[in-house]
Amino acid sequence: MSEQPAPATAARQQLEPAAADAVRAYAAKTRENADRLAAVLEDIATNGLPSVEECTPWEELREKRLARLAAQRPAA
C-alpha cells in the first residue's frame with residue numbers, strides 16, 4: 001500500500017474513536033511482529049542458520065499452535 005495520503009478530493013469517512021484505537025493497536029501489533037521477524041532474519045544473515053539440534057521441528061510447532069487455537073474456540 002502507498003504511504004501517501006488519499007487525494008484531497010476524496011471524502012474520507014472518519015472512524016469512531018474506539019475503532020480508530022483498535023486500528024492503531026492492530027498496526028502496532030503488526031509492526032511489532034514485523035520487527036521481530038526482521039531481527040531473526042538479520043541474526044541469520046549475520047550468524048548463519050542455527051544448528052538442527054537448536055531448532056524445533058515444524059510439526060511440533062504446528063501441533064502447539066493447533067492446540068492453542070482449539071483451546072480458544074468456544075465449545076459447540
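The values are calculated or read from the model by the stated rules, or taken from the named source; none is laboratory data. Note that this is a predicted model, so its numbers are computed, not measured. So basically every Cβ, Gly included, is an ideal-geometry build from the backbone, and we count neighbours across all protein chains shown. Keep in mind that these areas ignore ligands, DNA and RNA; they rest on the heavy atoms of the full protein, side chains included. Shrake-Rupley method; radii C 1.70, N 1.55, O 1.52, S 1.80 Å.
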If you work out volume of the Cα convex hull per residue in Å³ from the coordinates, which of (1) 181; (2) 88; (3) 107 do you get?
(1)
Charge dipole of the chain built from unit charges on the beta carbon (Lys, Arg +1; Asp, Glu -1), centred at mean Cα; most positive-end Cα among 39, 55, 22 is 22
Counting only protein heavy atoms and using a 1.4 Å probe, what share of the accessible area of the chain belongs to carbon plus sulfur, as a whole percent?
59 percent
Per residue, accessible area of the chain with a 1.4 Å probe, heavy atoms of protein chains only, in Å², comes to 99 Å²
If you stretched the chain out fully between residue 61 and residue 29, how much longer would it get, using 0.36 nm times the residue separation minus the C-alpha to C-alpha distance?
9.4 nm
